[in-house]
C-alpha cells in the first residue's frame, strides 16, 4: 500500500512538472485559445479580446505572428472570409489539439492560482496583523 501511495505521489509530481513545462511563457496564447473556444474570429476581434482580458498594450504584429505559429502547431486553423465587403479576412478557429492544449494551460494556471493564493494568504498573515497592532499601539499612545 505504501508503494502505491509513493508511486501516485511520483506520478502526480511528474504530471505537475510536465504541465509546468508545457505551459506557455506568454499568457497571450491561452487567452487567444480561450477566445476561439466556440467562436470563429478574425485577428482584429482577437486583439480586442486580449484588451478585454486586461492586456494593456497589444502588439498587433506579435498577435498575428503568434496566430501563425499556433496554426503551424495545429492548435488553430484559419480560412479566408470573403463574404463581407472589402478585403478578405482570415478567420481563426480552435482545433482539437488547441482544445487539448487549452486544457493543459487551464490545469497549469489553476496550479499557479493555488500557489499565488497561498502566497498572499501567508503574506497577509505575516504583515497585516503587524500593521493592525501598530495602529492599535498608536491609538493607545494618543
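I'm checking my understanding of the structure. Among residues of region 93-108 that are outside any helix (DSSP H, G or I) and touching a residue at least 24 places away in the same chain (Cβ under 8 Å), which one is surrounded by the fewest Cβ atoms within 10 Å (Cβ to Cβ)? Even if it seems obvious, please write down each step before you answer.
Looking only at region 93-108, we keep the residues that are outside any helix (DSSP H, G or I), and these are 93-95.
Remaining after also requiring touching a residue at least 24 places away in the same chain (Cβ under 8 Å): 93-94.
Working: 93: 15, 94: 23.
The qualifying residue surrounded by the fewest Cβ atoms within 10 Å (Cβ to Cβ) is 93.
Just to be sure, is residue 57 over 14 Å from the mean Cα position of the chain (by Cα) and surrounded by 11 or more Cβ atoms within 10 Å (Cβ to Cβ)?
For residue 57, the condition - over 14 Å from the mean Cα position of the chain (by Cα) and surrounded by 11 or more Cβ atoms within 10 Å (Cβ to Cβ) - is not met.
Step by step: first the residues of region 10-49, then only those that are out of contact with any helix residue (DSSP H, G or I) (no Cβ under 7 Å at 6 or more places or on another chain), closer than 27 Å to residue 115 by Cβ and outside any helix (DSSP H, G or I), then the one that is modelled with the highest pLDDT. Which residue is that? Out of the qualifying residues, it is 27.
Which residue, of 52, 90, 68, is outside any helix (DSSP H, G or I), at pLDDT 90 or above and either out of contact with any strand residue (DSSP E or B) (no Cβ under 6 Å at 6 or more places or on another chain) or surrounded by 12 or more Cβ atoms within 10 Å (Cβ to Cβ) (or both)? Quick ask: steps written out before the conclusion?
Working: 52 fails: outside any helix (DSSP H, G or I); 68 fails: outside any helix (DSSP H, G or I).
Testing whether each residue is outside any helix (DSSP H, G or I), at pLDDT 90 or above and either out of contact with any strand residue (DSSP E or B) (no Cβ under 6 Å at 6 or more places or on another chain) or surrounded by 12 or more Cβ atoms within 10 Å (Cβ to Cβ) (or both) leaves just 90.
Note on region 71-87: residues that are part of a loop (DSSP other than H, G, I, E, B) and in contact with a helix residue (DSSP H, G or I) (Cβ under 9 Å, 6 or more places away or on another chain) total 3.
The values are calculated or read from the model by the stated rules, or taken from the named source; none is laboratory data. This structure is a prediction, so every number in the text was calculated from the model and none was measured. Here Cβ is always computed from backbone atoms with ideal geometry, including for glycine, and neighbour counts include all displayed protein chains.
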